[in-house]
Amino acid sequence: MSRSARLWAVLVANLALVGALIGVGLAAHSLGVWAEGADYLADAAAIGVALAALRLQAP
């Protein structure tokens, strides 16, 4: 499995976790769960930057 395929898999899993955390945060009225969702969203942004860097990498 290539590096970009692994990053895409992690990105999809991370975004699914963000969606789940937002849903649980809404249901539980929990600001802590919302903060954890924001943390995972920041991780997803970092994975996006890594994917962009791979795309810009010279062949």
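Annotations
Let's see how each residue does on (1) within 30 Å of Arg3 (Cα to Cα); (2) not β-branched (Val, Ile, Thr):
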| position | (1), (2) |
| --- | --- |
| Ile22 | yes, no |
| Ser30 | no, yes |
| Gly37 | yes, yes |
| Ala45 | yes, yes |
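- Filtering segment 43-59 to residues that are in contact with a helix residue (DSSP H, G or I) (Cβ under 8 Å, 6 or more places away or on another chain) and open to solvent by less than 60 Å² (accessible area, probe 1.4 Å) leaves Ala44, Ile47, Gly48, Ala50, Leu51, Leu54.
- Residue count for segment 11-31, restricted to those that are under 17 Å from Val49 (Cβ atoms) and touching a helix residue (DSSP H, G or I) at 6+ places or on another chain (Cβ under 6 Å): 4.
- Qualifying positions in segment 21-59 - among the aromatic types (Phe, Trp, Tyr) and more than 20 Å from Ala9 (Cα to Cα): Trp34
- Members of segment 5-42 that are under 19 Å from Gln57 (Cβ atoms) and either open to solvent by less than 50 Å² (accessible area, probe 1.4 Å) or β-branched (Val, Ile, Thr) (or both): Ala5, Leu7, Val10, Leu11
- Search result, residues across segment 28-43 that are outside any loop (DSSP other than H, G, I, E, B) and more than 18 Å from the chain's Cα centre (by Cα): Ala28, Leu31
The values are calculated or read from the model by the stated rules, or taken from the named source; none is laboratory data. This is a predicted model, so every value here is computed, not measured. All Cβ positions, even for glycine, are placed from backbone atoms using ideal geometry, and neighbour counts span all protein chains on display. With ligands, DNA and RNA removed, areas are computed over all heavy atoms of the protein, side chains included. Shrake-Rupley method; radii C 1.70, N 1.55, O 1.52, S 1.80 Å.
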